[in-house]
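Shown next, in structure tokens, is the structure this report addresses.
The values are calculated or read from the model by the stated rules, or taken from the named source; none is laboratory data. Keep in mind it's a predicted model, so treat the numbers as computed, not measured. Here the Cβ positions follow ideal geometry from the backbone for every residue, glycine too, while neighbour counts run over all protein chains shown. Side chains included, ligands, DNA and RNA excluded: accessible areas come from the protein's heavy atoms. Shrake-Rupley method; radii C 1.70, N 1.55, O 1.52, S 1.80 Å.
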Amino acid sequence: TIYDDSDADLSVLEGATVAMIGYGNQGRSQALNLRDSGVEVVVGNRGDEYRERIEDDGFEALSIADAAERGDVICLLIPDEVAPDVFDAEIEPGLEEGNTVYVSHGYNLTYDLLQPPETTDVVLVAPRMGGWAVRELYESGEGFPSVLAVEQDYTGDAKAIALAMAKGIGSTQAGVVEGTADMETKIDLLSEQALLPIMMAAMTTKFEVEVAHGIPPEIVMSELYLSYEMAEIFEEMAERGYLGQLPFHSRTSQYGQLSRFDQFDAEPLREFYEEQLQGIDNGSFAREWSAEQDLDRPGLKRLYKKYRESAFFEAERETMERLDFGAEDG
Ligand code: NDP
């Protein structure tokens, strides 16, 4: 089901206070959007460092525990890695019967790392959009798609509250797709663990083949993504669909793309996707990542080091420096 503005009623949140826990990428944008939609919002953040910024934005800045106690809808918009501990120590003690726990990613629900009391509603509204764009697309009135899920409906109003929150943050303007937290976790993790690695492998392998054939690395790199041509193609794909944007390419390109796509053997990719999905489904990735975090992420640090020193990313760095185009420090 896809919901739009007409399916959501903001009056469900009348008289309710939304406690925004976390004021980062999503927290700040969602808080500002909700307030502009007429919803009462208080912000709970750790420490005092960012109090000024929160107050400059016109919000009441509270401790996490105080905000959780004050809120009727408690939005958990801090990093997923720390959310379960913060929830258990500072949020759960302040929850009341009939409160709503709101998250923007399914991970902690899927792996039972977050276990809100049975006497609360639990909803998910996961913007398919970065925090900065969540604010910008609200202000422009375009909105942005989200996945919505009701994971626990204690009051019987959880769906109406989730839809009102989706409308308040500006998502129903574009369309909200209903699913479950597990589905949202799966598509998100499978993009991270398979689609993006496949794309990176496709690009690094192209680099290796072309450089081996005597093409200078900077020519290879500028074709890949540094010129923004690829970003523009993806933007047109979102706008017009893949086939819809093909006519903007030359006929040679259109024929080359479609004929080779048609011939491409995707079976090894399918196997890779299946394998990763299995690790997502059976929790082995989640266990691996939890263990990694307990040791202060040695594997992640090793991988960063390995790839920073690789020929591909060295060529990327050098080309970015010399292109003087696009990149922030270019
Ligand atoms: P951020 O990393 O931007 O969150 C930063 C906020 O969390 C800050 O307020 C920070 O406090 C607080 N914080 C960090 N560590 C702790 C801690 N140990 N204890 C208490 N507070 C802490 O998070 P995102 O906005 O990126 O993500 C929030 C949620 O939204 C996640 O569930 C994520 O999966 C989801 N999401 C994120 C998207 C994105 O665009 N990044 C897209 C869609 C969903 P301080 O200011 O003091 O540092």
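Looking across segment 165-185, the residues that are of a type outside the set (A, V, I, L, M, F, W, C) and either within 14 Å of the ligand (Cβ to nearest atom) or open to solvent by less than 10 Å² (accessible area, probe 1.4 Å) (or both) come down to GLY168, GLY170, SER171, THR172, GLY175, GLU184, THR185. When we screen THR119, THR172, THR100 for residues that are farther than 25 Å from ILE64 by Cβ and not hydrophobic (A, V, I, L, M, F, W, C), the only hit is THR172.
Annotation: TRP132 fulfils all but one of (1) more than 12 Å from the ligand (Cβ to nearest atom); (2) modelled with pLDDT under 95; the unmet one is (1). In segment 199-253, the qualifying residues are those that are more than 23 Å from ARG322 (Cβ to Cβ) and among the aliphatic types (A, V, I, L, M), and the one that is surrounded by the most Cβ atoms within 10 Å (Cβ to Cβ) is LEU246. Which members of segment 1-17 meet the condition of being of a type in the set (D, E, K, R) and open to solvent by 70 Å² or more (accessible area, probe 1.4 Å)? ASP4, ASP7, ASP9, GLU14, listed by residue number. The set of residues in segment 64-109 that are more than 10 Å from the ligand (Cβ to nearest atom) and not in a helix (DSSP H, G or I) comprises GLY71, ASP72, VAL73, ILE74, LEU95, GLU96, GLU97, GLY98, ASN99, THR100, VAL101, TYR102.
Before we move on, is VAL177 in contact (Cβ under 8 Å) with a residue 12 or more places away in the chain, assigned to a strand (DSSP E or B) and touching a Pro at 6+ places or on another chain (Cβ under 9 Å)? Reasoning before the result, please.
Numbers: in contact (Cβ under 8 Å) with a residue 12 or more places away in the chain: yes; assigned to a strand (DSSP E or B): yes; touching a Pro at 6+ places or on another chain (Cβ under 9 Å): yes.
Taking the combined requirement at face value, the residue satisfies it.
On the given criteria, is ILE64 within 25 Å of GLU136 (Cβ to Cβ) and modelled with pLDDT of 95 or more? Against the criterion (within 25 Å of GLU136 (Cβ to Cβ) and modelled with pLDDT of 95 or more), ILE64 does not qualify. Within the set GLY58, GLY94, GLY47, the sole residue that is free of Cβ contacts under 8 Å to residues at least 40 places away in the same chain, closer than 29 Å to GLU292 by Cβ and over 22 Å from the mean Cα position of the chain (by Cα) turns out to be GLY47.
So, restricting to helices (runs of 4 or more DSSP H) that lie completely within segment 260-329, which ones have at least 3 residues that are in contact (Cβ under 8 Å) with a residue 60 or more places away in the chain and open to solvent by 60 Å² or more (accessible area, probe 1.4 Å)?
Working: elements: 267-281, 284-294, 298-308, 311-323.
Result: 267-281, 311-323.
Yes/no matrix, rows are residues, columns are (1) assigned to a helix (DSSP H, G or I); (2) β-branched (Val, Ile, Thr):
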| site | (1), (2) |
| --- | --- |
| GLY15 | no, no |
| VAL18 | no, yes |
| TYR23 | no, no |
| GLY27 | yes, no |
| ASN33 | yes, no |
| VAL42 | no, yes |
| ARG46 | no, no |
| ARG53 | yes, no |
| ALA61 | no, no |
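The residue that is least open to solvent (accessible area, probe 1.4 Å), among those in segment 109-132 that are within 14 Å of the chain's Cα centre (by Cα) and without any contact (Cβ under 8 Å) to a residue 40 or more places away in the chain, is MET129.
Specify the residue that is surrounded by the fewest Cβ atoms within 10 Å (Cβ to Cβ); the eligible residues are those in segment 33-57 that are within 13 Å of the ligand (Cβ to nearest atom) and not charged (D, E, K, R).
In the first step, residues of segment 33-57 are kept if they are within 13 Å of the ligand (Cβ to nearest atom); the result is 43-54, 57.
Filter once more, so that each one left must be not charged (D, E, K, R): 43-45, 47, 50, 54.
Numbers: VAL43: 27, GLY44: 30, ASN45: 23, GLY47: 8, TYR50: 16, ILE54: 21.
Here the residue is GLY47.
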